[in-house]
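Here is the structure we will look at.
The values are calculated or read from the model by the stated rules, or taken from the named source; none is laboratory data. Please read these numbers as outputs of a predicted model, since none were measured by experiment. Note that each Cβ is placed from the backbone with ideal geometry, even for glycine, and that neighbours are counted across all protein chains shown.
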Amino acid sequence: MRFQRCLLQCVMVMASMLGSITVSLAQTVTHIGMLEPDTVSRMWSFIKDKTQAPADLPVPPIVVDESLPKNVRLMFEFPSQLSPETEMRIRLNPRNLMAWNNGMWHWAVGHEMTHYAFLLRENGWQEKTWYDNQLKHHCDYEFMTITQKLAELLWEIYESSEDRLHMYIEANKSCRHQPNQ
Ligand SMILES: [Zn+2]
């Protein structure tokens with residue numbers, strides 16, 4: 001069993017469920033037709049700027065993973081002391097594509113990329129075999145501010161006030177329901 005961060009709920013996933021289909025971001029876009037590289041890059045630049053990340057830090061690996069439990073839309077996982085074999089990546093569940101529109105999916109990916117930036121910053125932006133994760137993110141003022149600003153950034157692109165409200169609600173839900181993540 002291993003512990004992972006995810007947007008919608010905290011899950012313990014059996015190692016046997018962890019087989020995955022790994023594709024590059026460009027392939028992901030073709031494969032599932034929902035992530036726009038320009039929008040992902042724009043969010044990533046914003047997150048890097050706000051977290052004082054190295055400017056050349058690449059977007060974390062984003063993979064489509066049909067083995068994710070149906071109730072998990074996406075999650076961020078990383079090698080920890082307890083599970084150093086876990087890959088650093090964001091996993092998207094293709095079975096849940098219809099549940100959200102493009103704006104919401106981008107925001108959710110932005111949320112997971114913010115976890116990634118916070119984790120790397122906590123570890124001095126160094127590449128490691130496993131990463132320390134003492135800090136809690138979801139109720140952190142800076143984390144909430146960045147993910148709410150991502151809602152504003154996506155509002156400029158999609159111009160949906162309804163989605164923007166939904167993003168704020170999800171940000172608050174993360175804090176309320178998963179304060180330890
Ligand atoms: Zn989260």
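What's the total number of residues in the range 145-181 that are assigned to a helix (DSSP H, G or I) and either more than 11 Å from the ligand (Cβ to nearest atom) or touching a Phe, Trp or Tyr at 6+ places or on another chain (Cβ under 6 Å) (or both)?
In the first step, residues of the range 145-181 are kept if they are assigned to a helix (DSSP H, G or I); the result is 145-158, 161-177.
Imposing the further condition that a residue be either more than 11 Å from the ligand (Cβ to nearest atom) or touching a Phe, Trp or Tyr at 6+ places or on another chain (Cβ under 6 Å) (or both) reduces the set to 145-146, 148-158, 161-169, 172, 176.
Selection size over the range 145-181: 24.
Filtering the range 154-178 to residues that are within 16 Å of the chain's Cα centre (by Cα) and either surrounded by 19 or more Cβ atoms within 10 Å (Cβ to Cβ) or in contact (Cβ under 8 Å) with a residue 40 or more places away in the chain (or both) leaves Leu154, Met167, Glu170, Ala171, Ser174, Gln178.
All conditions in (1) more than 16 Å from the ligand (Cβ to nearest atom); (2) in contact with a His (Cβ under 9 Å, 6 or more places away or on another chain); (3) hydrophobic (A, V, I, L, M, F, W, C) hold for Phe118, with the sole exception of (1). Residues that are modelled with pLDDT of 95 or more, surrounded by 15 or more Cβ atoms within 10 Å (Cβ to Cβ) and in a loop (DSSP other than H, G, I, E, B) do not occur anywhere in the range 89-99. A residue that is within 23 Å of Glu152 (Cβ to Cβ), touching a Leu at 6+ places or on another chain (Cβ under 6 Å) and of a type in the set (Val, Ile, Thr) occurs somewhere in the range 51-63.
Being at pLDDT 95 or above, outside any loop (DSSP other than H, G, I, E, B) and in contact with a helix residue (DSSP H, G or I) (Cβ under 8 Å, 6 or more places away or on another chain) is a condition met by at least one residue of the range 48-69.
Of all residue pairs spaced 6 or more apart or on separate chains, those with beta-carbon atoms under 7 Å, a first member in the range 118-139 that is at pLDDT 95 or above and a second member that is of a type in the set (Phe, Trp, Tyr) and within 16 Å of the ligand (Cβ to nearest atom) are Phe118/Phe143; Leu119/Phe78; Leu119/Tyr131; Asn123/Tyr131; Tyr131/Phe78; Leu135/Phe118; His137/Phe118; His137/Phe143. The residues on offer are Ser41, Ser80, and the sole one that is modelled with pLDDT of 50 or more, in a helix (DSSP H, G or I) and not acidic (Asp, Glu) is Ser41. Can Gly124 be described as away from the ligand (no atom under 16 Å from the Cβ) and crowded, with 20+ Cβ neighbours inside 10 Å? Taking the combined requirement at face value, the residue does not satisfy it. Scanning the range 32-66 for residues that are more than 24 Å from Asn123 (Cβ to Cβ) and exposed (fewer than 14 other Cβ atoms within 10 Å of the Cβ) yields Gly33, Pro37, Asp38, Glu66.
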